[in-house]
Amino acid sequence: MIYTCTMNPAIDLFTEFEQFSPFVVNRSIFEDYQANGKAINISFMLKKMNIHSTATGFLGGFTGGYIEQELRRNSIDVNFIKVDGITRINTFIRSGELEYKAVNKGPEISKKAQEELLNYIKTFTSEDMLFVSGSLPKGIKDEIFVAIAELSQKQGFSLILDISSDRLIDCLSYHPYLIKPNDEELAQLLGVEKLDSEKELANAAKLLLDKGAKRILVSRGEKGALYVDEETILWTTAPKGKVVNTACAGDTMLAVFIGKIIETGNVEEALISATAAGSSTAFTAGLSNLEDIPLLREQIQLKREVI
């Protein structure tokens, strides 16, 4: 079974305006409400590939009810820990070439709720895979990522981490199946300002392999993607198109990459498809429907290096 864990989910409101000015009433020309959260997006994308998953994490209030309803409507199983408070609503505003992101904190999660989630994860076995993605709500320290990583080694399930936390380094000794930083997060993990060249990026990824990660997928936006394991370094370029929404592109890339690995076992094909899918989401208001993937794949170049 595949599980996705979103500890700080949200309803995302995407709006577009002809112009967006302060201190006046701005009326949208487009709006769309989406049940969201990084790992929730992964469940949605896996479902589009006819791969089943169960979504877990924390939900509260009427907004949490909406998210659970949307997941069930898409035939995705849910097993969320119910918490006090109201799951957050985020707003993404597009006006011309500008994009504004208003992201809220969400409810505070009790120790009891955290323990309930960890006890649920303790039931996973070596037949299972768990995606843990996204930020943490109030009340949770990022030590929880290390606790989950430790459980993955103890219980034997495959762990995939897409988190912006310095504690990711401490998770590597438990040998997660895959981690997915972007290029900026990769630099931050290693305590450098930025990684300018492909050589620097590849060397940084190999350092994380040395620390225990089994596989690394680096999302690079308009530059494409990097994949590194103990045998191979793969690079892809990104297709061209008008960027509408960057919020969920990395989630789409990760879901499609793992989905294609499950389907085909071919890492090169998985990386090309994942790069195309991430771009497809960036070129639309919501998650990709995957219909344009064959066309976008034709624009992508793959480069392979042997370690």
Legend entry - Binned Cα-Cα distances of the stretch 153-307, short to long, each 10 Å bin given as a whole percent: 11, 42, 36, 10, 0
Legend entry - Percentage of interatomic Cα-Cα distances in the stretch 245-307 larger than 13 Å: 58 percent
Legend entry - Over the chain: helical MRE at 222 nm, DSSP H runs n ≥ 4 each giving -39500 (n - 2.57), nearest 500: -10500 deg cm²/dmol
Legend entry - Calculated P(r) tail over 16 Å for the stretch 1-113, as whole % of Cα pairs: 61 percent
Legend entry - Three-way shape call for the stretch 46-187 based on the alpha-carbon gyration tensor, with the a/c threshold at 1.5: rounded
Inset, instruction - Report Rg(Cα)/(2.2 N^0.38 Å) for the stretch 1-58, keeping two decimals. - result: 1.55
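Using the 10 angstrom Cβ neighbour count as an exposure proxy, how do Arg297, Arg304, Arg27 rank, fewest first?
Arg27, Arg304, Arg297
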Legend entry - Lysine pair count for the stretch 181-307 [Cα-Cα under 22 Å; pairs on different chains or 8 or more apart]: 18
Legend entry - Relative exposure of Leu159, Leu13, judged by other C-beta atoms within 10 Å (fewest first): Leu13, Leu159
Legend entry - More than 31 angstrom apart: percent of Cα pairs within the chain: 27 percent
Inset, instruction - For the chain, give the share of DSSP beta bridges that are antiparallel, in percent and rounded to the nearest 5; count only bridges with both residues there. - result: 45 percent
Inset, instruction - For Thr232 and Glu127, compute 0.36 nm times the residue count separating them, minus their Cα-Cα distance, and round to one decimal in nm. - result: 35.2 nm
Legend entry - Length added when fully stretched, Arg72-Val244, from 0.36 nm per residue minus Cα-Cα: 59.2 nm
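All of the numbers you see were taken from the coordinates with simple rules; none came from a lab. Predicted model only: the values in this text are computed from it and were never measured. Every residue, glycine as well, gets a Cβ built from its backbone with ideal geometry; the counts of neighbours run over all protein chains shown.
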